[in-house]
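The values are calculated or read from the model by the stated rules, or taken from the named source; none is laboratory data. On a predicted model such as this, the values are computed, not experimentally measured, just so you know. Please note: Cβ atoms are built from the backbone with ideal geometry, for glycine as well, and neighbour counts cover all protein chains shown. Surface accessibility is based on the protein's heavy atoms, side chains included, excluding ligands, DNA and RNA. Shrake-Rupley method; radii C 1.70, N 1.55, O 1.52, S 1.80 Å.
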Amino acid sequence: MQISPEIKDRFKNSKNILALTGAGISAESGVPTFRGKEGLWKQYRAEELATPQAFSRDPKLVWEWYLWRMELISTKSPNPAHFALAELERKRSDFHLITQNVDGLHKRSGSEKIIEIHGNIFRNRCTNCNRKYDSDVSKLKNSTGCPNCKSIVRPDVLWFGESYDTDLLNRAVSLAERSELLFVIGSSGAVGIPVELARIAKENGAFVIEINIDPSGYSKYADLFLQEKAGEIIPELISYFV
Ligand code: OAD
């Protein structure tokens, strides 16, 4: 891929670099995306599995689906795109990462400065006392009761119809406002708030680079659209940062 000298200069001179990632960055790790031909929402109905109403109606069914996903993700590993972003964090102290992914692969690749705006599938939250726990799949299979108050625990992920965590969202907005260079990687733009973050960054003067195998709901904000697989292009892009 030919990256122009102007773009390489931007990499050098931009401050407050931000990456916003979606399910596409984990596709090459073998984690299913949500939309597209093989997407999870083609096989499952979101409203039966990923809403508070679904959980009240049938917590066992919802837990079965999350346990299945947790087990699946546990067998997968970060790919070169995750590792390259972790390397960028080591190279540039003004780099931050916002992810919509709940798979924890960014953390497993070594990234630390991450805002997981949709939560993490490997963490649970008590529906009563709100305590958070790291998930242990084998224990969860026997009981989904809170060790503290015995109420039922739920996956600590954002479901359809729920509000974003205010603190996480405020931090994400502030990063978007300050960012001079934004990478949007592997997201369809079907969910409104993450697209808003890209709009905010763009309106505040960020140069926006999108990496996706297909155009998306973010493409209207992209100054540069790289139609490439994340795992193939991100390591090269990151190699130009010093
Ligand atoms: P989607 O499944 O909606 O979109 C995945 C995107 O990744 C698509 O635009 C693909 O073209 C792109 N893609 C696939 N493989 C790729 C690759 N190898 N390299 C680059 N791009 C690739 O996933 P998200 O946009 O993350 O929310 O979905 C957003 C949210 O919708 C999720 O966080 C989840 C879901 O409902 C909640 O659960 C709250």
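Ignoring lysines fewer than eight residues from residue 202 along the same chain, the ones with Cα atoms less than 20 angstrom from its Cα are 8, 12, 15, 220.
Using the Cβ-Cβ distance between residue 242 and residue 220 with R0 set to 22 Å, the FRET efficiency from 1/(1 + (r/R0)^6) comes to roughly 0.10. Applying a DSSP loop filter and a limit of 12 other Cβ atoms within 10 Å to the GluC sites (Glu not before Pro) in the range 66-114 leaves 112.
Per residue, how much accessible area does the range 150-237 have with a 1.4 Å probe, in Å²? Each residue of the range 150-237 exposes 44 Å² on average to a 1.4 Å probe. Largest mean-square fluctuation among 79, 124, 13, in a Gaussian network model of the chain whose springs join Cα atoms under 10 Å apart, belongs to 13. Only Cα pairs under 8 Å and 6+ residues apart enter the sum, and on that basis the relative contact order of the chain stands at 24 percent. On a per residue basis, the range 1-63 carries 57 Å² of accessible surface, using protein heavy atoms and a 1.4 Å probe. In this label model, residue 164 and residue 142 are separated by 4.0 nm, measuring between points 7 Å along each Cα→Cβ vector.
Inter-label distance, residue 177 to residue 57: 4.0 nm, where each label sits 7 Å from its Cα along the C-beta direction. Seen from every direction in turn and averaged, the convex hull around the alpha carbons of the range 47-189 projects onto 9.5 nm². Considering all different alpha carbon pairs of the range 176-216, the Kirkwood hydrodynamic radius works out to 10.3 Å. Computing FRET efficiency as 1/(1 + (r/R0)^6) for residue 90 and residue 6, where r is the C-beta to C-beta distance and R0 is 30 Å, gives about 0.75. Given 37 °C and 0.692 mPa s, how large is the Stokes-Einstein diffusion coefficient of the chain in µm²/s, with Rh as the Kirkwood radius over Cα pairs? For these conditions, the coefficient is 176 µm²/s.
Gyration tensor analysis over the Cα atoms of the range 14-70 returns equivalent ellipsoid semi-axes of 28, 15, 11 Å (largest first, whole Å). For the range 25-34, 3J(HN,Hα) computed residue by residue from phi via the Karplus equation (6.51, -1.76, 1.60; θ = phi - 60°) reads 6, 9, 4, 6, 8, x, 8, x, 7, 8 Hz, glycine and proline entered as x. Taking the Cα centre of the range 1-151 as reference, the dipole from Cβ charges on Lys and Arg (+1) and Asp and Glu (-1) amounts to some 260 debye. Listed by chain and number, the lysines placed with their C-alpha closer than 28 angstrom to that of residue 141 are 42, 60, 76, 107, 132, 150; residues fewer than eight positions away on the same chain are left out.
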